[in-house]
Amino acid sequence: MTLHAADIVEWNRIAVREAVRVVDLAGDDDWERDSPCAGWTLRRLVAHMAAQHHGFAAAARGAGHEAAHWREPRDMGEPARVHRAAAAAVLDAFAEPGVLKREFVLPELGGAFLGRRAVGFHLVDYVVHAWDVAATLGAEVFLPDEVLLAALAVARRVPADPALRGPGAAFAPVVPTPEEAEGAGALEETLRLLGRRPELWPVRG
């Protein structure tokens, strides 16, 4: 699938809004549940999501090199509220004119990237994180095919280099697709390319 610059910001907005929706489903008893991100509770996952939103927003405005923007929020007493505010911040930043032509410094990925590519990274991150949250809650994600296909196109370009995969790295190791799951769709392929095991996290109810 070809990623058109005119579409990538809107597809990212849809993914972020879906992530906000599923985070808002969480109740008081859900925040300490284990998530698909190894070692992270739902609260810690949402803190990471908020930090990434603020970091990408800063990067869009030329301040991605400043570590403070990428730190997880200290006060996570109301995770959904913190996440909503962070999501609004990044969507506002990405909506600014000329954002796709700017240079984004993304320390976690080791360098600077043209805005169009950086927004693509954010898009796939929030397709996957929306699923992470939904999976923790036993819920579903609802994203249009064009968003899922765009995320898959980005995920397929992530190198399988062990230096970029594993504990402490930007991405988890690829999870091979079992024979019975082949052809399951763009979301499942994206999840497996980024280290998720969707068969372990069924929808409940």
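The values are calculated or read from the model by the stated rules, or taken from the named source; none is laboratory data. No experiment lies behind these values; they were computed from the predicted model shown. Reconstructed Cβ throughout: ideal geometry from the backbone, glycine too, with neighbour counts over all protein chains shown.
Tabulated values for the structure
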item	result
Only one of V141, V158 that is under 16 Å from the mean Cα position of the chain (by Cα) and at pLDDT 95 or above	V141
One residue from A134, A58 being among the small types (G, A, S), touching an Asp or Glu at 6+ places or on another chain (Cβ under 7 Å), assigned to a helix (DSSP H, G or I) and within 20 Å of E146 (Cβ to Cβ)	A134
Single match in A63, A59, A38, A5 (criterion: modelled with pLDDT under 95 and either touching a helix residue (DSSP H, G or I) at 6+ places or on another chain (Cβ under 7 Å) or hydroxyl-bearing (S, T, Y) (or both))	A5
Restricting the range 106-137 to residues that are surrounded by fewer than 18 Cβ atoms within 10 Å (Cβ to Cβ) and touching a strand residue (DSSP E or B) at 6+ places or on another chain (Cβ under 7 Å), the residue that is farthest from G185 (Cα to Cα)	A112
Cross-chain or 6+ apart pairs with Cβ under 6 Å, the range 96-110 first and within 11 Å of R61 (Cα to Cα) and assigned to a strand (DSSP E or B), then aromatic (F, W, Y) and modelled with pLDDT of 95 or more	F104/F113
Filtered residue count, the range 29-68, keeping only those that are among the aliphatic types (A, V, I, L, M) and buried (at least 19 other Cβ atoms within 10 Å of the Cβ)	10
Lone qualifier among G195, G168, G205, G185 - being more than 15 Å from the chain's Cα centre (by Cα) and at pLDDT 85 or above	G185
Only listed residue being outside any loop (DSSP other than H, G, I, E, B), surrounded by fewer than 16 Cβ atoms within 10 Å (Cβ to Cβ) and of a type outside the set (S, T, Y), chosen from D92, D75	D92
Sole exception among (1) touching a helix residue (DSSP H, G or I) at 6+ places or on another chain (Cβ under 8 Å); (2) without any contact (Cβ under 8 Å) to a residue 24 or more places away in the chain; (3) among the charged types (D, E, K, R) for E72, by number	(2)
